[in-house]
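Before any comments, here is the structure.
The values are calculated or read from the model by the stated rules, or taken from the named source; none is laboratory data. The model shown is predicted, which means the values in this text are computed figures rather than measured ones. Note: ideal-geometry Cβ built from the backbone for every residue, glycine included; neighbour counts use all protein chains shown. Each accessible area value is taken on the protein alone, full model and side chains, heavy atoms only, with ligands, DNA and RNA left out. Shrake-Rupley method; radii C 1.70, N 1.55, O 1.52, S 1.80 Å.
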Amino acid sequence: MNLSIDASFMEQSITDFLNNKFPGKVLGDYTYRGQFSLYVTADALYEIALALKEEAALSFDFLVDICSVDHLGKAWESEGRYEIVYTLLSLEHTYRFMLRVKIADHTVAPQSLCDIWHSANWLEREVWDMMGIEFKKHPNLTKIVTDDDLEGHPLRKDFGLVYEEPQFSHNHDEVLITPDNPNH
Amino acid sequence: MGLEEKIPDGIALTTLDAMVNWARKRSVWPLGFGLACCAIEMMSTIASRFDMARFGMEVMRSSPRQADLMIVAGRVSNKMVPVLRRLYDQMPNPKWVISMGACASCGGIFNNYAIKQGVDRVVPVDIYVPGCPPRPEQLIDGILMLYKKIEKESVKRPLITQPNAQTQDERPGEVSGQPHRNPSGELNK
């Protein structure tokens, strides 16, 4: 195991590998504070992820996390409202980077990666629960974080704060806490 | 004078309420129910520096069947509400609840979709301890206030009428004068 792996070498290796194998599917790269990530198209994400895992020179064998971003109201929302960020780790090369996918709507989500990494199962359920992104071909896309009665996906920018008026002594009568009160 | 002169030594006369309440308030066993950072202060209250055992409360029970007092230490999420209510229902009578900290009392800073805005919507609360989190001295003060409340209760009055676990509790022996905001048996919201 080479612990002193050169990060720029790995960045170049990943970019060349994906550009050769999936021409036109890599949309661009993005580096923030030394963290390297690649934007890929949603339709090719499954194949790209599978290739990144199975390629011996890369061998990204660990899906660390899946995050999602809601770009509602931003100037760049037209590029795609939601962004999904897959953090991959290669234990062999001790190198991690991120795959990023931008999708226009929650219904055009990429395919589930459960077949490739088992950790994707719960991570995708969490992303669906909090952001409402419907991964295709997921075996069990059900609630995992929020309570059963909650409707909607709380991390969306248009979910609303669900602010509840606090009850003090001066507004005790106005803010009646009853089961019939919609404020409840 | 009176009756006391005629009874032999070693026998004292008192009321049944005073006797029972004396026993109850000196062996209140709390249910270990730490939900968030307030639990750290609750643990500190039990530990040697503040030493809740001075008030007969040294055992935190892990089973609701052995507990008299539920100290709700922390914010109650909506997913925790059925659990909390069930633990409360499993506690034998008489039982008391202390709402510890701002989050358990009113939701605190978490005015959002996930957190119950006050545990008093789930179980009837006897003592509210403010603070974020309250210091152990404040919790001990709340416990001593609960002792005063216990002293005023009576064995002749049924403290809790509880036909089944789903209905709300009523406490006729309320001494605070402040009605419960919503002593509700609701489970799901």
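May I ask for the angle, rounded to the nearest 10°, between helix A:120-131 and the longest principal axis of chain A, with both axes built from Cα atoms and the value confined to 0 to 90°?
40 degrees
Taking only protein heavy atoms and a 1.4 Å probe, what accessible area per residue, in Å², does the stretch A:1-153 have with all protein chains in place?
With the other protein chains kept in place, the stretch A:1-153 gives 51 Å² per residue.
What is the Cα centroid distance between the stretch B:1-21 and the stretch A:20-57, reported in whole angstrom?
Each part reduced to its Cα centre gives a spacing of 86 Å.
Here are some pairs, A:Lys157/B:Lys79; A:Lys21/A:Lys102; A:Lys143/B:Lys95; A:Lys137/B:Lys116; A:Lys53/A:Lys137; which of them have Cα atoms lying more than 29 Å apart in this structure?
A:Lys143/B:Lys95; A:Lys137/B:Lys116
Averaged across B:111-117, how many Cβ atoms of other chains sit within 10 Å of each residue's Cβ atom?
Other-chain Cβ atoms within 10 Å of each residue's Cβ, averaged: 6.
List the accessible area buried at the contact between B and A, summed over both sides and calculated with a 1.4 Å probe, in Å² to the nearest 100.
1400 Å²
Once Lys and Arg get +1 and Asp and Glu get -1 on their Cβ, which of B:Ile140, A:Val85, A:Met130 lies farthest toward the positive end of the dipole of the protein assembly as shown?
The Cα lying farthest towards the positive end belongs to B:Ile140.
Which of the aspartates and glutamates could be linked to B:Lys156 by a straight reach, that is with a Cα gap under 14 Å, when you skip same-chain ones fewer than 8 residues away?
B:Asp17
Provide the net charge surrounding A:Leu52, with neighbours chosen by a C-beta distance below 15 Å and charges set as Lys +1, Arg +1, Asp -1, Glu -1.
-4
At q = 0.11 Å⁻¹, what is the log10 ratio I(q)/I(0) for the stretch B:30-155, with the Debye formula run over Cα points and no solvent?
-0.33
Rounded to a whole number, what % of the accessible area of the protein assembly as shown do carbon and sulfur atoms account for, probe 1.4 Å?
Whole-percent figure for carbon plus sulfur exposure: 56.
Mind checking the mean number of beta-carbon atoms from other chains within 10 Å of the Cβ atoms in A:146-156?
The per-residue average across the peptide is 3.
Could you give the Stokes-Einstein D for the protein assembly as shown in µm² per second, using the C-alpha Kirkwood radius, 25 °C, 0.890 mPa s?
Once the numbers are plugged in, D ends up at 98 µm²/s.
Taking a 1.4 Å probe, which of B:Ile40, B:Ile71 shows the most accessible area, and what order do the others take after it?
Per-residue accessible area, sorted high to low, gives B:Ile40, B:Ile71.
Please list A:125-132, A:155-162, A:14-21 highest first by mean number of surrounding beta-carbon atoms within 10 Å per residue.
A:125-132, A:14-21, A:155-162
Relative to the longest principal axis of the C-alpha atoms of chain A, give the angle of the C-alpha long axis of helix A:7-21, reported between 0 and 90° and rounded to the nearest 10°.
On a 0 to 90 degree scale, this one is about 90.
Can you run phi through the Karplus equation (6.51, -1.76, 1.60; θ = phi - 60°) for the stretch B:58-71 and list ³J(HN,Hα) in whole Hz, with x for Gly and Pro?
6, 9, 8, 7, 8, 10, x, 5, 9, 10, 10, 10, 9, 9
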